[in-house]
Structures are given as structure tokens and as C-alpha cells.
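Structure record follows, encoded as C-alpha cells.
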Amino acid sequence: MNLIEGLNHKQKEAVLQTKGPLLILAGAGSGKTRVLTHRIAYLIQEEDVLPWKILAITFTNKAAKEMRERVDTLVGQGSDEIWVSTFHSACVRILRRDIEKIGYNRYFTIYDTADQKTLIRECLKELNYNEKNFPVGSILGEISSQKNELITAKEYDKQSRGDYRREKISHIYKLYQKKLESNNALDFDDIIFKTVELFTYHPDVLDYYQNRFEYIMVDEYQDTNTAQYKLVKSLASKHGNLCVVGDDDQSIYGWRGANIRNILDFEKDFKDAKVIKLEQNYRSTKIILDAANAVIKNNYGRKQKALWTENEQGNPIEIRQTDNEHKEADFVASEIVKQIEEEAREYNDFAILYRTNAQSRVLEEHLIKHSIPYRLLGGIRFYERKEIKDILGYLRSIQNTDDDLSLKRIINVPKRGIGDTTIGKVEDYVLANDINFFNVIRDRELVSQFGRAATKLKSFADLMGGFQVQAQIGTVMELIETILDRTGYLKELENENTEESNERIQNIKELISKAADYDENAEEPSLGGFLEEVSLVADIDNYNEENNAVVLMTLHSAKGLEFPYVFITGLEEGVFPSYMSIVSEKEDAVEEERRLCYVGITRAKEKLYLCHAKSRMLRGLTQYNRLSRFVGELPKELIKMGNSPKRSADPLAGIRARNKVLENYKPYGGASLNETSAAPKKISLDYECGDIVKHIKFGVGTVEDITYAGADYEVTVTFPKFGQKKLMAGLAKLKAVK
DNA sequence: CAGAGACTCGAGGAG
DNA sequence: CGAGTCTCTG
């Protein structure tokens, strides 16, 4: 098979450039997956590279699977010998072999975000820190950023001297890490970090993989963090055949440590690196591409790129304003019905994208109302559901007896009379004697000291012992069924017989069938392997484009996908770009939002809708947000206003003028929402959030929130006697009290 | 020890 | 608004 045929000049060049460092700057829709698969096929077929000498890192398991299949069709066979996987799967595979060398054992558990939070709470309790001053989420974020930068707890501690808050956080980090180790568990960041550590302290291990991987390819390189960069660099440093593919304009994971410098500095980091730009887009219409270019050009510090296409002009971009989020959702649903009827479209031609998962609910409601089949990605993942986590808790405790966290989760689920008091007593003993929980309760002598609860603990230990035997002799599916039966978990749900409990039973059945599927199809099925697969699967991995349904997902999840019709909803300041990015002191926070917008726009092949609502209910409060600045960045000739009452020459003139004021006022970020809302000054307020004000009827109160609404401000004030009130500043005549 | 009901408080994206 | 926590009672 000729692997070069049908590729454009640049694509060919990228396939043929097999030696040395290569950076492929691949614009959206420029056929990079095609290039990567053909490149791998070319290596195997034309350059006689053994398949198992190739490592290809993709962003999702789904992409990995697809890549393997496509290589398969190109070269016939041998593709199962190639390492195609995500960073995390590749690292876990490496760690399962050699993690003993750095003080864990191979039965380690992978903790998800919920587990991490539980562990942090334990740390806070132990250190006597208040959760108010140290919110779990932000502590976790701080620790995660350190790990992404390969900074250990010890190093962080050193760097934090003199900074009171950082010192405290470093204590938490230290204890958190100690607990992970004693539970024989890794968090997501550790998976990469510990692999780098393994390579650093055990050069023989690194040497083995360096020799093995003669050719390395990394997709979505713009989203790699420092730890991943280090990993790739070490692996490639022997043969030097490293090909990375990425697009700096699609870097949207800065918040989880992705370092955009990795791609911007590639040529500096790897001497004699060759750079190939893929700039021809095969996906979108001219109009869509022009829109994407118009938005992204407002960012600074990009690599120069000029995306172009030979595709036709296409439909104008439709901008639709609605009164509120319900009307927005209704418009989207009606429009889908209309397009299906008039243009003979299928449901799976449509994608609805949004900035935050919370926005999906209303959209779902209206899709149901219109009887439109849909598939929702993201939100609560299957494996995060309570009933699933409970079962997994059992499996983890069976697999890894050091995992106290999982054991404590299920020790009283279903209820078996081992309550908080008993757990507390055992826990005290655990902490005092530096021993694991499971080791205490399976020691009949130690257990005797716990008085009345001793019998219950003993019978629980016996139950778990039985499961461990079962794990040795049967399949994963059989183990799960045994657990469900012997613990009475399923029976309890069946007795409940509510809508909720029945759904839980359905989920459990789905878990069983996933386990059965695993038992059948895995190369060497094992409990550890199953747990690993479960931990590393992403929601997007299960997205199947064959399924004829409209798909709903966040803009982040949509990366790498394409759809004929795309709706981007919630294009409002404070929603998209997000409130957090606007108030962030980080200069480029809004730029990342803009890249996200670029990603969203370039998902569309034929028609793009941009929707925004005048008001939107957020956490029980109605908010009035201005139209997103990103919409104002579109040239007028590309757009069509939805049901615009009057059709002026430039329908967005007003927005543009206002955004101009805004930019002069404070360009890109820095400005708080309240400040941006105040841009057209008609009324001036002599108070701000937090101030005490006086109202003629309600008396004295505290200003909680000020939102710009139409030509006035909506001020939220809490009065001691009357509670929280929303007042229009123009009418209420509030006076600041000094 | 378990369960029901009151209550507080939070601004995001994900492997 | 809704998830998660706290408090109270049987």
C-alpha cells in the first residue's frame, strides 16, 4: 500500500521525516491523525522498524484505540505490538513492573479526585487545620501543581520558609504524601511523577525503555505538563527520534499544569529540530474558519499560522439571543428538529457545547421535551457514582490490603453495626501503632480490645477473607457477584424499590457486564488490571459517533472531535469567558478561554450557532451578563443575527463599541466582573460589595453583590431584619453608611 | 448507632 | 438551586 498517496505536500514531508526531533504544528482539522497513522505505518512498512520499538502517546484511550485500528488497516498486522496509549496508561504499565524499587508494591491503588479529597480532609483533621482557611479543593490544586512541576513535599517545604500559609500547605502536602504511601496508593499526578522518579533513581530501568523506544510520537503536545515533558525527554534522549504534534492555539489545559512553553520552545530544547506546519484545513467551511481566525488573532504570543481551506464558503454563523437559559435550550432543540426535517439531517450530526457541566441540565430538559435522543458526556462519571464506588471500594480493599481509605468506605456499607465510634477507636490504634487498618481488624487478638464491636469486626474480617479467596480462584465478574450476594448490597437496594434504587441496580448490572467484558477480552485478565482500566477511563472514551443521538459536552471534552452542526451556548461574560478567568490576576487566563472558544468554533464542519441569554439562573440567583467578548470579535460579514428585531448594517456595533471601551479600560483580564459590568456608566454608586448601606424601608444592610442589568444595577443586600433583598440601584436610593 | 430534617455555603474545566 | 454537613431524636 502506498502510504504517501493522497497526502498533501506538507503531510508527506511529515511522514517521511522519520529521524531526529520533529515538531508538527497542526492547525485544527489539518489531518494530523492521518499524518500520525501514516507515519507509523511508514516506519513499519518502509523502514522495517519493529512495531514494539514504537511508542505513541495520545490524549485519550479512544484516540489510542482508533490510531491502532487505523494503523492496522494500513499495514495489515503487528499493530498490537505498538505501544499506543495515554501518558497515564503508559506510566501505570511501567510502574506495575518496577514500582517496588521506589517503595510501593505492585498492587497499588489509583486514587481519583474524590479519594484525594477524603485523604486531604483526614490530613486537615490530624493537623488540626480548619477547612475554612484551607479549602480542600484549593489545597489539592496547589499540591497538584507542585507535582506537575516535579516538586516534592520536601522541596516545597524548603521553598515555603517564611510564608506562613505556604508553610502550612507544605505540612499538608507532606502528610498527604505520607498517607498515600502508607495506603500504597498513587493519585493521578503521582502516576507521572513516580515514573519520572523511577527513571531518575534507577537508570537501569530508564535504560531499558530508552533502548526499546526507538521512535516516539506525542499527540496534543501543547497540553503536556512539565512532568510529562521530562518523561518524554528522558525516553527520547537516546535515539532522539521524537515527533511531537500540537497546536499552541488549542492549549486549553493550563489549569491542570499544561505548559505552553513545551511547544513554543521545542526548537530550543531539541537541537536541529525540524518544524512542519500543517495549515490546510479539511474540516470546516471558509466562514467557520474565518471566524475561528478572527477570534484567535486577539491572543498574544502565538506561533504564526495561517489556516486556510479549499472548502466552500458555507452558511453564515448564526448568533441567537434569548431571554433566558430555558429559551436558549428551547431554541437549540427546536432548531435541531427543524434542521432534521428540512435538511434531512441525523441526530448525530449535532453537538451542543457549553463551558460548564452545570449548563447541561436545562438543555437536557428541553431535548426531552422535544423527544430528541441525546447522549451526555461528562458530569458525574459512571465510576464516580456512589454504588459503583462502593463496589470498587470492596475490590480495592481486596486487591490492596494497605488501602485504608477504601476499607473505611465500605466497612459499614451496607450497615453492619460498625459505626463512627468503632472506626474512630480502631483509627486511634492505627495512628498510635503505625499499622494498617486491615491488619488490625484481621488480628483476632487486637480486635478483642474493642469490646462490643469486636464480634462485628471479626465477622467483617472473615467476610473479606472469603472475598480474597474468591479473587484468587475466579473471574472479576464472579468476584463482584459474590460481593453483592454475601454483603447483601443488592438485596438492600431491591428492598428499597424506589426509582433511585432501581437506577442503582441498573448501574451495578452495567458494572457487572463491563467486568464480564473485561474478563473475556483482556490479554491477561486480573483484578488489578480491571481496577486500572476503571481508574483511567475517561468519559469521552465511551463516546460512539455511530450512536444516532445529539451529543452534549463541555468545550474541553470536544477537543479532537468534529460535527456538521455545532451549538455553542452560554456566550456571556462571566460564563464564557468564565467568571474565574475574568477576575484572575493571571494575565493570560482570558486568553486560554479564547483558545477554548477557538477549539469550539473549529469543531463545526458546516454550520455554527452561537447562543447567549439575557438572563441566566446560576446557583439560585438570576444573573444578567453581557454578551461574550468573543462574539464581538467576529467580523460582521460572517454572521447572521437569529431573530434580531431590527437589522442594522452591523448588528454587533453596540457590542463592539462597548468592548472597545472595555479594552481601553483594562485589556484582557485583570478587570473584575463588577468593573466590566460597570463599563457604560449611567449611574454611579457610592458603595461596593461588602459596604454597609441604608435603605429607607429595610434599614441598614450589607451589600453582597452588584450586577449590571440593562441600564441599572441590581444590588443584592442582606438586611438583619428582612433577609436578602435584590434591589435596583436606580429605584432603591441606597446610601452608604460610614 | 441510624435516619430524618435543618442548615450552610459555594463561583470550572478532567485523567 | 443543590450537594454535603450538622444536629437532633428514637
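Given the DSSP H assignment, sum -39500 (n - 2.57) over each helix run of at least 4 residues in chain A and divide by its residue total; what's the result at 222 nm in deg cm²/dmol, nearest 500?
Values: 32 runs with 348 residues, N = 738.
After summing the helix terms and dividing by the residues of chain A, the value is -14000 deg cm²/dmol.
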Computed over segment A:386-513, the distribution of all Cα-Cα distances in 10 Å bins, rounded to whole %, is 12, 43, 31, 13, 1
So what's the Cα pair-distance distribution over segment A:162-230, bin width 5 Å, in %? 4, 12, 15, 20, 19, 14, 10, 5, 3, 1
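What is the order of A:123, A:243, fewest Cβ neighbours within 10 Å to most?
Details: A:123 22, A:243 27.
Ranked by crowding around the Cβ, least crowded first: A:123, A:243.
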Cleavage-rule hits, trypsin sites (Lys or Arg not before Pro), segment A:407-447, DSSP coil, Cβ neighbours within 10 Å at most 13: A:415
In nm, give the distance between the simple-model label positions of residue A:522 and residue A:541, each being 7 Å from the Cα along the Cα-to-Cβ direction. 1.2 nm
Charge dipole (segment A:368-443, unit charges on Cβ, about Cα centre) - positive-most of A:429, A:439, A:382: A:382
Cα-based convex hull volume of segment A:238-389 per residue, rounded to whole Å³: 214 Å³
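Past 19 Å, Cα to Cα: identify those pairs from A:303/A:607; A:147/A:230; A:168/A:425; A:338/A:640; A:194/A:408; A:32/A:230, in the order given.
Result: A:303/A:607; A:168/A:425; A:194/A:408; A:32/A:230 exceed 19 Å.
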Among A:160, A:83, A:141, pick out the residue whose Cα is farthest towards the positive end of the charge dipole of segment A:18-167, where Lys and Arg carry +1 and Asp and Glu carry -1 on C-beta, about the Cα centre. A:160
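Taking loop as defined by DSSP and a crowding limit of 11 other beta carbons within 10 Å, which GluC sites (Glu not before Pro) in segment A:258-330 fit?
Working: sites: A:267, A:279, A:310, A:312, A:318, A:325, A:328; in loops: A:279, A:310, A:312.
Qualifying residues, ordered by number: A:310, A:312.
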Put +1 on the Cβ of each Lys and Arg and -1 on the Cβ of each Asp and Glu in chain A; which of A:602, A:218, A:490 then has its Cα farthest toward the positive end of the dipole? A:602
For segment A:107-200, just say rounded, prolate or oblate: build the C-alpha gyration tensor, square-root its eigenvalues into a ≥ b ≥ c, call rounded for a/c under 1.5, and beyond that prolate if a/b exceeds b/c, oblate if not. oblate
Added length on full extension, which subtracts the Cα-Cα distance from 0.36 nm per residue, residue A:9 to residue A:201: 64.7 nm
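How much length is gained if the chain between residue A:106 and residue A:618 is pulled fully straight, taking 0.36 nm per residue apart and subtracting their Cα-Cα distance, in nm to one decimal?
Values: separation 512, 0.36 × 512 = 184.32 nm, distance 4.52 nm.
Separation in residues times 0.36 nm, less the Cα-Cα distance, equals 179.8 nm.
Taking the Cα centre of segment A:288-401 as origin, work out the dipole magnitude from +1 charges on Lys and Arg Cβ and -1 charges on Asp and Glu Cβ, in debye rounded to 20. Write down the numbers at each step before the final one.
Working: 17 positive and 19 negative charges, 188 e Å.
So the dipole magnitude of segment A:288-401 works out to roughly 900 debye.
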Let a ≥ b ≥ c be the square roots of the eigenvalues of the Cα gyration tensor of segment A:423-468; is it rounded (a/c under 1.5), or, if not, prolate (a/b larger than b/c) or oblate? oblate
Net length gained if the chain between residue A:304 and residue A:454 were fully extended (0.36 nm per residue, minus Cα distance): 47.0 nm
What the Cα atoms of segment A:216-304 span along the principal axes, largest first and in whole Å, is 46, 27, 20
Could you pull the Cα extents of segment A:327-371 along its three principal axes, largest to smallest, in whole Å? 31, 18, 14
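Counting other beta carbons within 10 Å of each Cβ, put A:360, A:284, A:578 in order, fewest first. Intermediate values should be presented prior to the final figure.
On the way: A:360 22, A:284 26, A:578 19.
Going from sparsest to densest Cβ surroundings: A:578, A:360, A:284.
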For segment A:512-573, would you read off the P(r) tail past 13 Å as a percentage of all alpha carbon pairs? 73 percent
So what's the gap between the Cα centers of segment A:5-82 and segment A:382-422, to the nearest angstrom? 43 Å
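Can you give the FRET efficiency for residue A:587 and residue A:502, using 1/(1 + (r/R0)^6), R0 = 60 Å, r = Cβ-Cβ distance, to the nearest 0.05? Let's see the in-between values first.
Working: r = 51 Å, r/R0 = 0.85.
With R0 = 60 Å, the Cβ-Cβ based efficiency is 0.70.
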Can you put A:52, A:83 in order, fewest other beta carbons within 10 Å first? A:52, A:83
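Based on the Cα gyration tensor of chain A, what are the three equivalent ellipsoid semi-axes, each the root of five times an eigenvalue, rounded to whole Å and given largest first?
Details: eigenvalues 371, 283, 141 Å².
Calculated on Cα positions only, the semi-axes equal 43, 38, 27 Å.
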Charges only on Cβ, +1 for Lys and Arg, -1 for Asp and Glu: so what's the dipole of chain A about the Cα centre, in debye to the nearest 20? 2740 debye
Find the centroid of the Cα atoms in segment A:488-532 and in segment A:326-375, then give the distance between the two in whole Å. 31 Å
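FYI, it's all coordinate maths here, none of it is from the lab. Model, not experiment: these values are computed from the prediction. Here Cβ is always computed from backbone atoms with ideal geometry, including for glycine, and neighbour counts include all displayed protein chains.
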